[in-house]
1. Return P(r) of segment 1-64 (all Cα-Cα pairs; 5 Å bins starting at 0; whole %; ordered from short to long distances).
2. Along Cα→Cβ, 7 Å out, is where each label goes; now give me the distance between the ones at residue 224 and residue 418 in nm to one decimal.
3. Per 0.36 nm of contour for each residue apart, how much would the distance between residue 239 and residue 60 grow if the chain were fully extended, relative to their Cα-Cα spacing?
4. Largest first and in whole Å, what are the equivalent-ellipsoid semi-axes of segment 135-181 based on the Cα gyration tensor, each being the root of 5 times an eigenvalue?
5. Mind putting a number on the dipole of segment 31-138 about its Cα centre? Charges go on the C-beta only, +1 for Lys and Arg and -1 for Asp and Glu, and I need it in Debye to the nearest 20.
6. What's the angle, to the nearest 10 degrees (0 to 90), between helix 72-84's Cα axis and the longest principal axis of the chain?
7. Can you give me the C-alpha center-to-center distance between segment 337-361 and segment 398-431, rounded to a whole angstrom?
8. Lys and Arg at +1, Asp and Glu at -1: add these up for the other residues within a Cβ distance under 11 Å of residue 272 and post the number.
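What follows draws every value from the coordinates through simple rules; no lab data is involved. Note that this is a predicted model, so its numbers are computed, not measured. Note that each Cβ is placed from the backbone with ideal geometry, even for glycine, and that neighbours are counted across all protein chains shown.
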Amino acid sequence: MSALASELGEWIAGLRLADVPPGLLLKAKDHLLDTIGAAVSGDGREPVRVAARVFRAPGTVRLLVDDVPRDLVDAARVNAVAAHAAEIDDTEGCDHTGAVVVPTLLALLERDAGRRTGHELLVSMIAGYEVGRRMQSALGGYDAHNRSGWHSTATCGVFAAAAAAARALGLSAAQCTSALAIAASSSAGTWAFAEDGSMTKQLHVANAAGAGLLAALLAEAGATGPGAIFDDVWGGYFHTHGNEHVRPGALVAGLGDRWHAAHSAIKMYAACRSAHPALDGMVDALRAGVLAAGDVEAVSIELSPFLRAMICPESPRTVEAARMSLPISIALLLLGRPLSPDAYEDFGHADVAGLLRRVEVVETDALPDPASVRVTVRAGSVTHVIERATARGSAEQPFSAAEVQEKFRRLTVPRIGRDRAEAIVGYVGALGPAPAGPLPAVWG
């Protein structure tokens with residue numbers, strides 16, 4: 001048995017409320033509410049319609065979109081796609097951890113209503129976030145792993161879902177270890193969607209949530225996983241998936257003292273997170289009157305080749321690709337439109353195309369921080385330069401609980417009404433030592 005796998009499995013099985021910093025417990029509530037809101041916003045979008053047509057096994061677990069209940073695993077799959085469909089879900093975890101972990105746990109909560117407390121739900125959620133982020137770190141970190149072509153939400157997310165489900169099911173240490181080892185066989189998903197804006201990015205979370213949940217259920221039923229999964233052996237996970245940057249010890253380094261789950265971030269723009277620092281700068285400049293949208297003559301975007309492929313796709317042809325496009329996001333801001341999920345439906349309009357003709361994208365390796373983007377805007381006699389590497393909503397600049405709740409209302413009230421939205425806000429806020437019932441009805 002791998003010492004790394006065993007240590008991680010023991011930690012998941014032994015994690016208790018008293019081990020979790022109080023601030024992290026509150027943060028988990030914010031991310032739970034935020035992910036539910038993102039899923040409600042996903043209702044009716046094409047990736048969700050596709051997923052709902054395929055993942056149709058009948059059951060009693062309700063969805064976060066307007067459709068009939070499903071069985072445990074298919075409900076998690078559909079809800080996961082809904083949470084990620086509008087690119088407004090949380091990030092900087094495994095990457096999009098909420099879209100994988102929250103649907104997994106809500107499905108179990110619905111099936112087993114009243115069998116675990118609100119605190120146990122949140123602790124299981126934190127276990128998933130922690131393991132997902134640690135797996136990404138062990139693979140060399142976000143840049144190294146994703147630069148190799150892997151989509152970390154998919155490859156690392158399956159471990160996050162497995163850990164969360166294993167903790168929620170109360171599995172033993174050996175069973176938790178097996179759940180992780182079984183999940184490794186379903187770790188897959190690449191960035192090929194960046195070339196044409198296809199739906200696999202939105203569908204990757206269905207595989208991660210469903211496979212992670214199944215791994216925990218299999219372990220609960222007695223299935224075993226390869227004990228040497230995280231060792232340097234032929235077929236070992238890091239031996240197969242890794243690169244020269246892998247550091248398997250990061251899976252357990254500082255376990256219980258250093259909380260990687262605290263790194264997760266919440267997004268206010270329905271755009272790729274790597275574009276958010278530059279978008280924050282544009283929003284600030286427009287609000288402060290430093291730039292007048294009507295006066296903009298030219299925009300230059302300088303960024304690394306890696307980020308160029310990620311957030312400046314050539315001629316986006318789908319709304320999913322448009323949400324990944326920094327030039328389109330800048331054009332929408334200059335047109336006075338909020339970067340809401342629905343705003344990107346207008347990506348092909350003539351006014352957007354007119355502004356895009358003024359945008360130049362330049363690849364460079366000369367920026368001081370490889371994660372930063374430099375945007376230079378020329379407007380009349382004014383030249384304004386934006387260069388940031390971090391964005392609002394991150395661990396360094398977190399949103400308040402009130403801001404997260406306001407985002408939730410903005411996304412959900414137009415779809416499900418204020419009464420239902422407030423019932424969900426109240427439910428999440430009240431999660432505590434009492435047994436947790438199912439989530440209040442989202443749809444009528």
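1. Bin by bin from 0 Å, the calculated values are 3, 12, 12, 13, 13, 12, 16, 15, 3, 0.
2. About 5.9 nm, to one decimal.
3. Numbers: separation 179, 0.36 × 179 = 64.44 nm, distance 4.06 nm.
Going from the current span to full extension adds 60.4 nm.
4. Working: eigenvalues 126, 17, 10 Å².
So the three semi-axes of segment 135-181 are 25, 9, 7 Å.
5. On the way: 12 positive and 16 negative charges, 79 e Å.
Dipole of segment 31-138, to the nearest 20 debye: 380 debye.
6. 20 degrees
7. 29 Å
8. Summing Lys and Arg as +1 and Asp and Glu as -1 gives +1.
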